[in-house]
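So the structure is just underneath, and the comments pick up after that.
The values are calculated or read from the model by the stated rules, or taken from the named source; none is laboratory data. Just so it is clear, the structure is predicted and the values come from calculations on it, not from any experiment. Counting neighbours? That spans all protein chains shown, and the Cβs are built from the backbone with ideal geometry, glycine included.
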Amino acid sequence: MKTMFLPHKMVYDGTQLHGLFSYQISRGIAEDSLIAFLGEASVREGLIDYEDKLNDDFIYAKEMLHFILTIHGSDLTRARLWQLLLVQHTLDELQLRVSGDTLLCREGDDIYVLPPGVDKLKLTVSIATVSSNQKELVHLAVNVDDTGAPVPTSSLSKLNINPQAFALGVMNKFEKEYSGVRKTLYKVTGV
């Protein structure tokens, strides 16, 4: 698996979630990959969760840390499991970096901050899908500057977490887990 933190900001509008994103953006990554970048999130037309479309929902934040995971395959269940694994590694990395009195929780593919006496604050958005060219895709984004978000949120800046260092930690954790999963394919025999 290749991992990469892009040095330039990009607006995420949903069109980046396609099977050739990592190949195009890196000018040549032709294998499973996890790409991270910073940028605004503004998704309305590009929503792929049909329930969100029916509710006329949208995603917006002035700046988010985006992860796009691309894995060869076409199984939506497997894409969903990769998504949950990425979300869990994101939560694990957050728990290493937040102050001791900050409570976090994961509900499915969402991570929340739980401030005392206040309703939970959403920190992430995420979706898993498959592409027409045999790729399992996950988009996970973590608020950096949650200005303009349509729901109560928190952000990495409010938690005093450097987004690039955080992204590198998440990618390192995920790549190690992914390598372990792939190694199993070569060392375990069927029964």
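Matching residues to (1) assigned to a loop (DSSP other than H, G, I, E, B); (2) modelled with pLDDT of 90 or more; (3) crowded, with 16+ Cβ neighbours inside 10 Å:
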| residue | (1), (2), (3) |
| --- | --- |
| LEU17 | yes, no, yes |
| LEU34 | no, yes, yes |
| GLU45 | yes, no, no |
| ASP56 | yes, no, no |
| LYS62 | no, yes, yes |
| ARG80 | no, yes, yes |
| LEU86 | no, yes, yes |
| GLY100 | yes, no, no |
*asked:* Every residue in the range 121-165 that is over 12 Å from GLU63 (Cα atoms), surrounded by fewer than 17 Cβ atoms within 10 Å (Cβ to Cβ) and without any contact (Cβ under 8 Å) to a residue 60 or more places away in the chain, please.
replied: VAL151, PRO152, ASN162, ALA165
*asked:* Here's a check for you: in the range 115-140, which residue that is in a loop (DSSP other than H, G, I, E, B) and modelled with pLDDT of 95 or more is farthest from TYR12 (Cα to Cα)?
replied: LYS120
*Exclusive hit being in contact with a helix residue (DSSP H, G or I) (Cβ under 8 Å, 6 or more places away or on another chain) and either surrounded by 17 or more Cβ atoms within 10 Å (Cβ to Cβ) or within 18 Å of ALA141 (Cα to Cα) (or both), set GLY108, GLY73*: GLY108
*What are the pairs, 6+ residues apart or on separate chains, where a residue within the range 18-34 that is more than 17 Å from PHE174 (Cβ to Cβ) has its Cβ under 9 Å from a residue that is at pLDDT below 85?*
TYR23/ILE29; TYR23/ALA30
